[in-house]
Amino acid sequence: MMQRRAFLGGALTTMSAGTLRAPSATAQAVIPAPAEPLVWPVVTKVPAGIRSFAGHTDTVPDIVGRIGTPASLVIFTEGNHLMALLSDDILGAFPSWAKSQPRYADLDLDNIVVVTVPQPAVVQMIRAGGLALGNLVLDASRKSGFYPDIVMAGPGPLRQLRQLGAIEPQARFFSRNRGFALLVRKGNPLGIHALADVARSGGRIALPEAASEPQARARYRAAVDDLIGKPAADELFAAETPNFPGRIGIVHRDLPEMVARGYADVEEITQTEERLTFALPQELRRDLRAAAGS
């Protein structure tokens with residue numbers, strides 16, 4: 001399977017590059033090494049015998065858990081939190097921790113469902129009452145049970161949800177911004193160690209798409225202006241790589257995909273807000289409310 005994926009990845013890379021010429025009698029075309037596909041990790045343990053579509057394209061990486069079985073806890077967050085939140089140290093350890101607490105010991109936490117789409121999509125899901133995944137539409141409502149017990153987002157999206165009457169007024173901080181970081185290609189062949197190195201090295205940078213993520217892009221631009229000044233920021237944004245075929249505007253997946261597939265040499269990583277918060281929705285399930293003593 002992996003050999004077949006590598007072959008397809010290499011073939012697609014070669015065809016899309018459009019830079020190869022027909023070999024002459026005295027020269028042969030140089031075929032670049034095939035780029036390995038970025039396969040999103042499976043963070044849950046799939047029961048034996050369950051058919052799993054976890055390839056490069058046949059996968060739904062932004063929703064974790066079991067749909068159709070009553071959910072024990074539903075969290076709506078974003079992809080930037082996926083690796084930390086779904087780790088063994090946090091949600092992996094949460095059920096055993098809850099069992100050790102007398103007031104939480106009776107909670108059923110067998111099916112924790114986590115939605116990790118971008119924050120604007122979280123707001124849209126709750127406002128519209130659903131999410132389409134190709135030919136499948138998921139009903140996001142209290143009736144279906146696919147509805148958040150906790151929303152983790154920045155202040156802006158939470159204010160929108162509060163205006164919709166979907167969440168309680170109080171919120172709590174759960175993370176802080178530690179500044180920018182750069183994700184580079186394996187081995188860092190261009191020697192990129194700072195933002196100014198991107199334009200100097202002739203590298204290409206992956207940035208949020210203006211059409212689908214205008215707020216994220218505006219935040220990136222403002223932060224870069226502050227860090228390196230407007231002239232250098234202009235050079236950096238001029239080095240932006242064009243969109244790649246099939247891009248869907250989900251920053252936390254598109255940008256590392258661009259680096260992994262060779263469309264870009266570097267990606268800028270940052271938290272989306274200086275402080276991210278989480279809020280509880282208004283009609284929590286009775287067992288969760290009782291366990292919390294509210």
Problem - Residues (under 30 Å from LEU73 (Cα atoms), modelled with pLDDT of 60 or more and surrounded by fewer than 20 Cβ atoms within 10 Å (Cβ to Cβ)) located in segment 254-277 - result: PRO256, ILE269, THR277
Fill in the blank from the handout: A careful count of residues in segment 53-99 that are assigned to a loop (DSSP other than H, G, I, E, B), surrounded by 11 or more Cβ atoms within 10 Å (Cβ to Cβ) and among the polar types (S, T, N, Q) gives 5
Problem - Matching entry among ARG176, ARG185 (being farther than 19 Å from PRO120 by Cα, at pLDDT 85 or above and surrounded by fewer than 18 Cβ atoms within 10 Å (Cβ to Cβ)) - result: ARG185
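Kindly provide the set of residues from segment 196-232 that are among the charged types (D, E, K, R) and either free of Cβ contacts under 8 Å to residues at least 24 places away in the same chain or open to solvent by 60 Å² or more (accessible area, probe 1.4 Å) (or both), ordered by number. Let's see the steps before the verdict.
Keep residues of segment 196-232 that are among the charged types (D, E, K, R), which gives 197, 200, 204, 209, 213, 217, 219, 221, 225-226, 230.
If the condition is that a residue be among the charged types (D, E, K, R) and either free of Cβ contacts under 8 Å to residues at least 24 places away in the same chain or open to solvent by 60 Å² or more (accessible area, probe 1.4 Å) (or both), then ASP197, ARG200, ARG204, ARG217, ARG219, ARG221, ASP225, ASP226, LYS230 are the ones that fit.
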Exercise for the section: Would you mind stating whether ALA223 is under 25 Å from THR277 (Cβ atoms) and either outside any loop (DSSP other than H, G, I, E, B) or modelled with pLDDT of 85 or more (or both)? Expected result: yes
Practice task
Tell me which of these ARG103 doesn't satisfy, since it passes every other one: (1) in a helix (DSSP H, G or I); (2) open to solvent by less than 80 Å² (accessible area, probe 1.4 Å).
Solution key: (2)
Exercise for the section: Say whether the condition of being touching a Lys or Arg at 6+ places or on another chain (Cβ under 6 Å) and of a type outside the set (Ser, Thr, Tyr) is met by at least one residue in segment 111-118. Expected result: yes
Practice task
Name every residue in segment 233-242 that is part of a loop (DSSP other than H, G, I, E, B) and surrounded by 15 or more Cβ atoms within 10 Å (Cβ to Cβ), in order of residue number.
Solution key: ALA239, THR241
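Residue-wise test of (1) in contact with a Phe, Trp or Tyr (Cβ under 7 Å, 6 or more places away or on another chain); (2) modelled with pLDDT of 90 or more; (3) at negative phi; (4) surrounded by 18 or more Cβ atoms within 10 Å (Cβ to Cβ).
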{"residue": "GLN119", "(1), (2), (3), (4)": "no, no, yes, yes"}
{"residue": "ILE126", "(1), (2), (3), (4)": "no, yes, yes, yes"}
{"residue": "GLY129", "(1), (2), (3), (4)": "no, yes, no, no"}
{"residue": "LEU133", "(1), (2), (3), (4)": "no, no, yes, no"}
{"residue": "ASP139", "(1), (2), (3), (4)": "yes, yes, yes, no"}
{"residue": "LYS143", "(1), (2), (3), (4)": "no, yes, yes, no"}
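Residue-wise test of (1) in a loop (DSSP other than H, G, I, E, B); (2) over 19 Å from LEU280 (Cα atoms); (3) within 17 Å of the chain's Cα centre (by Cα).
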| residue | (1), (2), (3) |
| --- | --- |
| ARG127 | no, no, no |
| LEU131 | no, yes, yes |
| VAL137 | no, yes, no |
| GLN160 | no, no, no |
| SER175 | no, no, yes |
| ARG200 | no, yes, no |
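The values are calculated or read from the model by the stated rules, or taken from the named source; none is laboratory data. Nothing here was measured: the structure is a model prediction, and the numbers come from that model. Every residue, glycine among them, receives a Cβ derived from its backbone with ideal geometry; neighbour counts consider all protein chains shown. Note: accessible area is taken over every heavy atom of the protein model, side chains too, but ligands, DNA and RNA are not part of it. Shrake-Rupley method; radii C 1.70, N 1.55, O 1.52, S 1.80 Å.
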